[in-house]
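What follows is a single structure, and I will ask about it in a moment.
Read-outs: derived from the displayed coordinates by stated rules, not from any lab. None of these values were measured; they are calculated from a predicted model. Heads up, the Cβs are rebuilt from the backbone with ideal geometry, glycines too, and the neighbour counts pull from every protein chain shown.
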Amino acid sequence: MEKLDVHKLFSQKQIEKRVEEVAAQIDKDYKDLNPIIAVVLKGGFIFASDLVRKMEIPFTLDFLGASSYVGTESSGDIKITKDLNTPIIDRHLILVEDIVDTGLTLFKLVKLLKQRDPKSVSISAMLVKDFERPFDLKVAYPGFWIPNKFVVGYGLDYNEQYRGLTYIGYVEPE
Ligand code: IMP
């Protein structure tokens, strides 16, 4: 398999410090609210596992899988490949993602989940690509803002490679 150079963006130490800050903010905002932490698979699992271990408030953990239909990126239709097991009606939901790129997956996901009448839905993403999006997607708990590069590590893959890296870097595929 093709082996690419990974150019480091954030070290394990920098990530750890930032995750701690995000967890503290969530603790503060969701005190006594017992939110559902919904991990968006696959990429969100490493960020989520670090995040919840830094959090001090009670929460319910669940997992969600979604994929965009290939070839219809502009319409952004999504398919739930693994649904939540927890009813979210009248609960506060925090979606935990690896990265917001176009943001279409999350935008559609939020819309769909709101039909189930949760009390609130917010988003935490370890990385947010820094560019204007044609729709309103608020990432209340971002880790880092990054340039528009293809990033890997800390749960993020390139063809299923590099997910296990402890740091975050970018690759430049041919
Ligand atoms: P979206 O374009 O924001 O809908 O991103 C959908 C999914 O594509 C993300 O949850 C990631 O799993 C994946 N993705 C987007 N950009 C990158 C990247 O730079 N590296 C690795 N995966 C990415």
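State whether one or more residues within segment 99-114 are among the polar types (S, T, N, Q) and under 18 Å from Ala24 (Cα atoms). Before you say what the answer is, go through the steps one by one.
Looking only at segment 99-114, we keep the residues that are among the polar types (S, T, N, Q), and these are 102, 105.
Among the residues that remain, those that are also under 18 Å from Ala24 (Cα atoms) are: none.
The answer is no; no qualifying residue exists.
Identify the residue in segment 31-51 that is under 18 Å from the mean Cα position of the chain (by Cα) and farther than 19 Å from Phe144 by Cβ and, among all such residues, is nearest to the ligand (Cβ to nearest atom). Let's see the steps before the verdict.
Of the residues in segment 31-51, the ones under 18 Å from the mean Cα position of the chain (by Cα) are 35-51.
This time we only want the ones that are farther than 19 Å from Phe144 by Cβ, so: 35-38, 41-42.
On the way: Pro35: 20, Ile36: 19, Ile37: 16, Ala38: 13, Leu41: 9, Lys42: 7 Å.
Filtering segment 31-51 for residues that are under 18 Å from the mean Cα position of the chain (by Cα) and farther than 19 Å from Phe144 by Cβ, the one nearest to the ligand (Cβ to nearest atom) comes out as Lys42.
So, in segment 140-154, of the ones that are within 12 Å of the ligand (Cβ to nearest atom) and closer than 21 Å to Val52 by Cβ, which residue ends up surrounded by the fewest Cβ atoms within 10 Å (Cβ to Cβ)? Walk me through it before giving the result.
Step one: filter segment 140-154 for residues within 12 Å of the ligand (Cβ to nearest atom), giving 146-154.
Those left that are additionally closer than 21 Å to Val52 by Cβ: 153-154.
Working: Gly153: 24, Tyr154: 26.
Applying the filter and picking the extreme gives Gly153.
Test Leu137 against the stated conditions and say whether it is more than 14 Å from Phe47 (Cβ to Cβ) and more than 12 Å from the ligand (Cβ to nearest atom). If you could, list the steps in order and put the result at the bottom.
Values: more than 14 Å from Phe47 (Cβ to Cβ): yes; more than 12 Å from the ligand (Cβ to nearest atom): no.
In short, no.
Among the residues of segment 112-134 satisfying the criterion of being within 13 Å of the ligand (Cβ to nearest atom) and not in a loop (DSSP other than H, G, I, E, B), which is farthest from Tyr170 (Cα to Cα)?
Step one: list which residues in segment 112-134 are within 13 Å of the ligand (Cβ to nearest atom), which gives 123-131, 133-134.
Next, only the ones that are not in a loop (DSSP other than H, G, I, E, B) stay: 123-129.
On the way: Ile123: 23, Ser124: 21, Ala125: 17, Met126: 14, Leu127: 12, Val128: 14, Lys129: 12 Å.
Ranking the qualifying residues of segment 112-134, first place goes to Ile123.
Let me ask you something else. For the subset of segment 155-173 comprising residues that are away from the ligand (no atom under 11 Å from the Cβ) and either in a strand (DSSP E or B) or touching a residue at least 24 places away in the same chain (Cβ under 8 Å) (or both), which member is farthest from the chain's Cα centre (by Cα)? Break it down into steps so the answer makes sense when it comes.
Residues of segment 155-173 away from the ligand (no atom under 11 Å from the Cβ): 164-167, 172.
Checking the rest, the ones that are also either in a strand (DSSP E or B) or touching a residue at least 24 places away in the same chain (Cβ under 8 Å) (or both) come to 165-167, 172.
Values: Leu165: 17, Thr166: 17, Tyr167: 16, Glu172: 22 Å.
The residue in question is Glu172.
Quick grid of which residues meet (1) loosely packed, with under 13 Cβ neighbours inside 10 Å; (2) of a type outside the set (Phe, Trp, Tyr); (3) within 24 Å of Asn159 (Cα to Cα):
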residue: Phe47; (1), (2), (3): no, no, yes
residue: Ile78; (1), (2), (3): no, yes, yes
residue: Leu106; (1), (2), (3): no, yes, yes
residue: Lys114; (1), (2), (3): no, yes, no
